[in-house]
Amino acid sequence: MVTILGRAKINLTLDILGLREDGYHEIATVMQSLALADTLTLTQQKEGITLRVDLPGLEADERNLAHRAAALIMNECGVRGGVHIDIVKRIPVAAGLAGGSADAAATLRGMNELYALGLSDEDLCRLGAKLGSDIPFSIMGGTVLATGRGEIMQHLADFPATHVVLAKPSASVSTPWAYRSYDAHPPELHPDNAAFLEALTRGDRTRCIELVCNVLEPVTEAAHPVIGDYRTRMRAHGALCAMMSGSGPTVFGLFAEERAARAAAEDFRSGTDAAVHLTQTAGRYGE
Ligand code: ATP
């Protein structure tokens with residue numbers, strides 16, 4: 001039996017550079033792991049893949065990304081035997097926090113351990129990329145510049161440890177919808193990733209925070225104006241910055257002081273219908 005965490009992520013920057021011939025968007029994004037994680041317990045069984053998820057409404061069959069990841073690795077490695085996967089879901093679903101990718105990544109790492117497959121991180125990332133662009137990042141964690149479809153990773157210096165408040169409005173956003181809406185009306189403002197990387201190398205959190213920017217934010221916000229309200233609410237509580245993660249709709253606030261982060265989380269819990277989490281930035285797995 002193996003118990004393993006699948007961590008959520010936020011995007012500190014997210015740029016779209018164009019549309020590729022294969023239909024995917026070329027992106028450049030700084031992704032950051034969070035301590036907030038789902039817990040997966042993998043148990044060997046004679047044959048087949050079975051799944052239990054503690055969240056009613058989330059598919060617990062072959063459509064679940066953890067199931068698909070288990071099937072892929074068993075197929076590719078000729079695993080004889082099966083697995084039961086139990087998921088304790090904490091990461092909000094369809095929220096821009098890559099919760100499905102986190103579970104797929106954890107399953108790949110867990111199966112590697114459970115069946116002593118001896119795969120390297122690079123092998124696992126190659127497998128993960130077949131299932132989803134965010135999965136290689138979710139396998140490694142930390143602070144990463146992801147390019148291509150999001151599957152090409154450059155490890156960066158860790159973003160300085162920071163308190164994070166997540167507030168997910170009740171709406172759910174489909175990632176393909178956000179990219180289609182972007183194509184219809186591309187916004188003008190793009191992040192300066194080069195300046196962000198330079199500031200990160202110097203460990204200059206203040207400058208990094210001035211440079212957080214997500215091209216999808218105005219796109220999703222046009223359909224969900226509550227995102228702007230949540231940003232304002234985070235800032236009113238002293239957030240160093242507040243922005244939407246990924247394709248949304250979750251808004252994250254970064255806080256220097258735990259006390260201010262706690263107060264902001266309390267205010268969101270009592271004053272809005274958001275799903276709220278108080279967490280921190282996290283480094284690479286195993287560090
Ligand atoms: P991303 O940012 O990676 O595009 P997201 O964080 O916005 O994704 P997810 O939470 O990964 O969204 O969920 C997207 C969809 O994937 C869900 O609506 C759900 O139907 C499906 N899904 C399949 N497996 C899982 C899983 N293990 N956890 C969450 N969602 C899953």
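Taking the dipole about the Cα centre of the chain, with the C-beta of Lys and Arg at +1 and of Asp and Glu at -1, give me whichever of ALA70, GLY82, CYS125 is farthest to the positive side.
GLY82
Determine which residues of segment 75-119 fall in the zone a paramagnetic label at TYR24 would reach in this model, i.e. backbone nitrogen under 19 Å from the point 7 Å along Cα→Cβ.
96-106, 108
Of MET74, MET243, MET234, which is the most mobile in a GNM of the chain whose springs link Cα atoms less than 10 angstrom apart?
MET74
Once you've got the GNM for the chain with C-alpha springs shorter than 10 Å, pick whichever of SER245, SER138, SER170 has the biggest mean-square fluctuation.
SER170
Return, for the Cα atoms of segment 2-155, the radius of gyration and Dmax in Å, separated by a comma.
Spelled out, the Cα radius of gyration and Dmax of segment 2-155 are 15.1, 47 Å.
When the dipole is taken about the Cα centre of the chain, and only Lys, Arg (+1) and Asp, Glu (-1) are charged at their Cβ, what size is it in debye, to the nearest 20?
On the way: 26 positive and 35 negative charges, 104 e Å.
The calculated dipole for the chain is roughly 500 debye.
Any chance you could run the full-extension gain for HIS185 through LEU58? It's 0.36 nm times the residue separation minus the Cα-Cα distance, nm to one decimal. Display every interim value, and only then the final one.
Numbers: separation 127, 0.36 × 127 = 45.72 nm, distance 3.17 nm.
Stretched out fully, the HIS185 to LEU58 stretch lengthens by 42.6 nm.
Looking only at ASP183, ASP22, ASP134, which one moves most when the chain is put into a Gaussian network model with springs between Cα atoms under 10 Å?
ASP22
Report relative contact order for segment 163-280 in percent, whole number only (criteria: Cα-Cα under 8 Å, sequence separation at least 6).
Details: 190 pairs, mean separation 49.0, N = 118.
Taking the mean separation of contacting Cα pairs over the length of segment 163-280, I get 41 percent.
Restricting to Cα atoms and excluding each atom paired with itself, what does the Kirkwood estimate give for segment 163-280 in Å?
Details: mean 1/r = 0.0676 Å⁻¹.
The answer is 14.8 Å.
Express in whole angstrom the spacing between the alpha-carbon centres of segment 18-42 and segment 56-82.
19 Å
For every helix of n ≥ 4 consecutive DSSP H residues, a contribution of -39,500 (n - 2.57) applies; sum these over the chain, divide by its total residues, and give [θ] at 222 nm rounded to the nearest 500 deg cm²/dmol.
It comes out at -10500 deg cm²/dmol, rounded to the nearest 500.
How much length would be gained if the chain were fully extended between ARG126 and THR201, taking 0.36 nm per residue of separation minus their Cα-Cα distance, in nm to one decimal?
Details: separation 75, 0.36 × 75 = 27.00 nm, distance 2.74 nm.
That works out to 24.3 nm of additional length.
Note down, for the chain, the three equivalent ellipsoid semi-axes (square root of 5 times each alpha carbon gyration tensor eigenvalue), biggest first, whole angstrom. Kindly include the intermediate steps, with their values, before the conclusion.
Details: eigenvalues 187, 86, 69 Å².
Three semi-axes, in Å: 31, 21, 19.
Taking the Cα atoms only, what angle lies between the long axis of helix 99-114 and the longest principal axis of the chain, rounded to 10 degrees?
30 degrees
Just to confirm my numbers, what's the Cα centroid distance between segment 238-264 and segment 122-167 in Å?
20 Å
FYI, it's all coordinate maths here, none of it is from the lab. This structure is a prediction, so every number in the text was calculated from the model and none was measured. Here Cβ is always computed from backbone atoms with ideal geometry, including for glycine, and neighbour counts include all displayed protein chains.
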